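Scroll down for the structure; my scribbles are underneath it.
None of the figures in this text is laboratory data; all of them are computed from the coordinates on show. From a predicted model like this one, the values you see are computed outputs, not experimental measurements. Cβ coordinates were reconstructed from backbone atoms using ideal geometry, including for glycine residues, and neighbour counts include every protein chain displayed.
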Amino acid sequence: MFVATTNTCKGRWAFVALAAVTLAACSTADDTAETTSPTTVPSTVPATVPDSGAATTEPAVTSTTEAAPPADFVLGFDLFSGDLNATRAKYGVQGQNENLSPEDYFVALMDAYNDEGGISGHKIVPLNYTPPTGDVAGDVVNQERCETYFKGSTVVNALVATNDPIVNTCANDANTILFGRGFTGLDQASLDTFAGHVNPQAATFDRAALATVDLGVKAGVVKEGTSVGVIYPGCEAQKAVFNDTLKPALERAGAKVSAFESTCIRSSADQGTAVAQSPNAILQWKTDGVTAVYNLDTGFIGTALLMSEADKQGMTPTWVLSTNNEFGALNSMSPPAAQMANVIAAGWSAALDTFEMDPAKLGPKAQECIDKFTAQGIPAPANIGELANRLDVCSTFLALEVMLAGNPGEIDRSQMLTALESSSDDTAALTNSLDWTSSRQPNVTYRPVKFDPAVGQFVYTGDLTPMPES
């Protein structure tokens, strides 16, 4: 799709269904669970003094109160199937898993950890939400999520959700952790506002945009006098990143910016309008002499449509993309070869960028991730979509392992974040991509990428480069 939606169902792995151009409606279960309150922590009783007044050398006596069990950890997430038990049955089908959704993988790992006693002894308790069907505005759905996850008798300790300001605000007010999914809607200002937000495998949107400018300058396609085209959805987050980050950075490099604001998808009714705008964008850029194009949309479909339209109008610009654009899947839509040859990209996820399927070439914990699913009866990933979805889910649980290691009793968000930020473990161990160890704003790097027609895939062409700070 050529625009971003404010109600993204699952975010970055949207290319799993390569032929899907329409938005998928997310379904979830509405199971609730009671949390267990922690009992009193064992106390130490001082040594007694005999009636004679003589001091005793006997050691202090510890009370017989049993050690407090950890509080259950309530994890909120949506389920496509709409029923938790059906989802659990679904991932155990005989020898196949082509119908699995990312939410099924969450359930599988939740079960795996609970079978092992939980995370640091914390049993994982699911709390789910079922959104309304039909063409319902994203703001309405996200407000309902807030009511379910934060306003009822059971409140989540952590929520897996899209980077939506409504849900982020609710999580922040409730002093809980929110694991962001997808790429859009989170810049440095948002990260500063939402203290409990963690995105295990995505750089902030503004730093990702700066990385593409850095790449364009180093590649020589952005320089003094260059006419650069930018297309961005007219959603609040993308407009902010364009106005506050991307446009100023391009202008500092000496470029002239030809901006095209496309429709922000807030419901399915906006989709046709957005797709129909691609000819106008290309015509504008031809008129303005654009030689390089930047796309603040997420996903590969919009870029592929723009490429096809550019080819029709006889325009062959350099396409400057990033992992946010999921450029690794572009070839699945058979865009014109001349356009693909003109793609340069800033990539930070080997699975998404180069379609690398070998866990040994990803990160030291990638095989461990796959093995956890295998132990739950899920076959080895058959394609890059299945692998990417599993790595994505594992990144959340890896972060939870780190966060809860220092929280054996009552769950405390500040302790969880401190544990995360001081840890030597990070999701780069899964994907050779991002590193969130030093803070919630990752010390991320990117690598330049080009399309190799000989293998039909993108390949890395340079060394790791730090993303500019916003």
*At 0.36 nm per residue, minus the direct Cα-Cα distance, what do ALA454 and LEU283 gain on full extension? Give it in nm, one decimal, please.*
58.4 nm
*Once fully extended, how much extra length lies between SER268 and LYS223, figured as 0.36 nm per residue of separation less the alpha-carbon to alpha-carbon distance?*
12.3 nm
*LYS286, LYS365 arranged by Cβ crowding within 10 Å, fewest neighbours leading*: LYS286, LYS365
_LYS256 long-range amide H proximity, modeled H, under 5 Å_ = GLY225, THR226, SER227, VAL228
*asked:* Could you work out how much longer the chain between ALA253 and ASN85 gets when fully extended? Use 0.36 nm per residue separation minus the Cα distance between them, nm to one decimal.
replied: 55.0 nm
*Obtain the nm distance between the two label points defined at THR154 and THR418 by a simple spin-label model: each point lies 7 Å from its Cα along the Cα-to-C-beta direction.*
2.9
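Can you give the local net charge around VAL275? Use residues other than it whose beta-carbon is closer than 12 angstrom to its beta-carbon, Lys and Arg +1, Asp and Glu -1.
Combined, the nearby Lys, Arg, Asp and Glu give -3.
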*Taking R0 as 51 Å, what's the FRET efficiency between GLU236 and GLU410 from their Cβ-Cβ distance, rounded to 0.05?*
0.90
*Cα shape, the range 286-381, gyration tensor, a/c 1.5 rule*: prolate
